[in-house]
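For reference, the structure discussed in these notes is given below.
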Amino acid sequence: MTLRSLVPASLEQAAGTAYVSIGRASAAPRIVPSFVMVGASRSGTTSLFRALSAHPAVVRPVVGKGVRYFDLNVTRPWSWYLGHFPLQATARLRSRGWGEPMAFEASGYYIFHPLAVPRLARAIPEVKVIAMLRDPVERAYSAWKHESARGFEWEPFQRALDLEDERLLGEVERMTADARYESFCHRHHSHRSRGEYADQVQRMWEHLGRDRVHVLQSESFFAQPEFEFARVLDFLGLPDFRPQAFEQHNARPGTPLDAGTRRRLASHYAPYNERLQRMIDEPLVWD
């Protein structure tokens with residue numbers, strides 16, 4: 001249990017709002033993120049976020065793990081975004097003896113939002129991104145359970161899959177036409193589409209370059225956390241470090257996915273998985 005976990009959510013949110021307001025007034029000396037975890041959602045990003053946050057040379061947003069600027073808040077001023085991060089002087093005090101500090105955030109919708117990565121690339125040209133990908137079948141089912149528990153999904157899983165194309169019809173076009181438009185269905189009902197990873201990785205490569213994108217398979221991370229964490233640090237150019245523990249967070253247990261729906265999804269994802277495997281040139285653990 002941490003001090004942060006003991007603070008009521010309402011109080012933490014109020015404190016965060018106050019901090020960002022103050023931060024906007026002093027945006028210039030604040031540290032700009034060097035890397036961003038872009039998702040995918042329900043793929044173990046919280047676990048990796050906490051491990052990285054423990055590194056002495058890494059600083060996280062002052063409140064929360066993700067700012068959600070490049071997907072949901074891009075119409076706000078740049079100073080609003082920077083206001084979520086510590087002062088450069090404060091960050092250097094934390095990283096003393098470990099080199100220059102690196103700030104980061106983790107927003108799980110960035111990888112799927114059609115405009116988030118292009119916006120990120122324009123705003124922070126040298127940024128690196130980490131994409132944590134999970135078995136798309138399990139990810140889809142986990143996302144449906146998560147959205148159902150939050151009240152954002154009300155259809156049974158198979159029915160939600162049947163409705164997905166209809167729900168998402170025209171939403172990307174609306175998002176592209178109006179930066180203020182936030183698509184409820186694209187954000188909360190894209191259970192199957194978010195697992196079509198090859199297209200999302202291709203978009204990151206096009207806007208950031210392959211050398212600034214690190215694709216990490218969730219199953220590999222949880223099976224060999226020290227090895228995969230070392231690979232992440234090497235990608236970021238950070239000194240070697242090991243957190244006290246690698247923990248799994250936000251798991252949502254429930255009824256196992258039935259075999260028929262699993263086969264249906266596996267068949268859908270087969271061509272995407274095959275393409276992704278060729279792209280990253282390593283076996284997919286889940287396939």
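The values are calculated or read from the model by the stated rules, or taken from the named source; none is laboratory data. What you are looking at is a predicted structure, and each value in this text was computed from that prediction instead of being measured. Ideal geometry is used to build each Cβ from the backbone, glycine not excepted, and the neighbour counts take in all protein chains shown.
Things worth noting here:
- Qualifying residue in region 224-234 (condition: touching a Ser or Thr at 6+ places or on another chain (Cβ under 6 Å) and either surrounded by 14 or more Cβ atoms within 10 Å (Cβ to Cβ) or among the aliphatic types (A, V, I, L, M) (or both)): yes
- Looking only at residues in region 174-197 that are in a loop (DSSP other than H, G, I, E, B), free of Cβ contacts under 8 Å to residues at least 40 places away in the same chain and in contact with a helix residue (DSSP H, G or I) (Cβ under 7 Å, 6 or more places away or on another chain), the one that is surrounded by the fewest Cβ atoms within 10 Å (Cβ to Cβ) is 181.
- Screening residue 246 with (1) modelled with pLDDT of 95 or more; (2) touching a Pro at 6+ places or on another chain (Cβ under 6 Å) gives one miss only, at (1).
Residue-by-condition table, conditions (1) within 16 Å of residue 35 (Cβ to Cβ); (2) of a type in the set (Lys, Arg); (3) within 22 Å of the chain's Cα centre (by Cα); (4) not in a helix (DSSP H, G or I):
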{"position": "219", "(1), (2), (3), (4)": "no, no, yes, no"}
{"position": "222", "(1), (2), (3), (4)": "no, no, yes, no"}
{"position": "231", "(1), (2), (3), (4)": "yes, yes, yes, no"}
{"position": "261", "(1), (2), (3), (4)": "no, no, no, no"}
{"position": "265", "(1), (2), (3), (4)": "no, no, no, no"}
{"position": "268", "(1), (2), (3), (4)": "no, no, no, no"}
{"position": "279", "(1), (2), (3), (4)": "no, no, yes, no"}
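- Filter result for residue 159 (surrounded by 16 or more Cβ atoms within 10 Å (Cβ to Cβ) and in a helix (DSSP H, G or I)): no
- Hits in region 83-124 (condition: modelled with pLDDT of 95 or more, of a type in the set (A, V, I, L, M) and part of a helix (DSSP H, G or I)): 116, 117, 120, 121, 123
- Scan of region 31-65 for residues that are closer than 23 Å to residue 142 by Cβ and outside any helix (DSSP H, G or I), ordered by number: 36, 37, 38, 39, 40, 41, 42, 43, 44, 64, 65
- Output for region 97-121, where each listed residue is among the charged types (D, E, K, R) and either free of Cβ contacts under 8 Å to residues at least 12 places away in the same chain or surrounded by 22 or more Cβ atoms within 10 Å (Cβ to Cβ) (or both): 105
- Qualifying positions in region 125-156 - more than 30 Å from residue 229 (Cα to Cα) and either under 19 Å from the mean Cα position of the chain (by Cα) or not in a helix (DSSP H, G or I) (or both): 150, 151, 152, 153, 154, 155, 156
- When the test is whether a residue is of a type in the set (A, V, I, L, M), at pLDDT 95 or above and within 17 Å of residue 268 (Cα to Cα), residue 208 does not pass it.
- Of the listed requirements (1) on the phi > 0 side of the Ramachandran plot; (2) surrounded by fewer than 24 Cβ atoms within 10 Å (Cβ to Cβ), residue 42 misses just one: (2).
- Selection from region 122-156 of residues that are surrounded by fewer than 20 Cβ atoms within 10 Å (Cβ to Cβ) and among the aliphatic types (A, V, I, L, M): 123, 124, 127, 149
- Out of 166, 171, sole residue that is touching a helix residue (DSSP H, G or I) at 6+ places or on another chain (Cβ under 7 Å), modelled with pLDDT of 95 or more and of a type outside the set (Gly, Ala, Ser): 171
- Pair list, Cβ under 6 Å, 6 or more apart: region 262-285 residue in contact (Cβ under 8 Å) with a residue 12 or more places away in the chain, other residue part of a loop (DSSP other than H, G, I, E, B): 272/196; 273/284; 273/287
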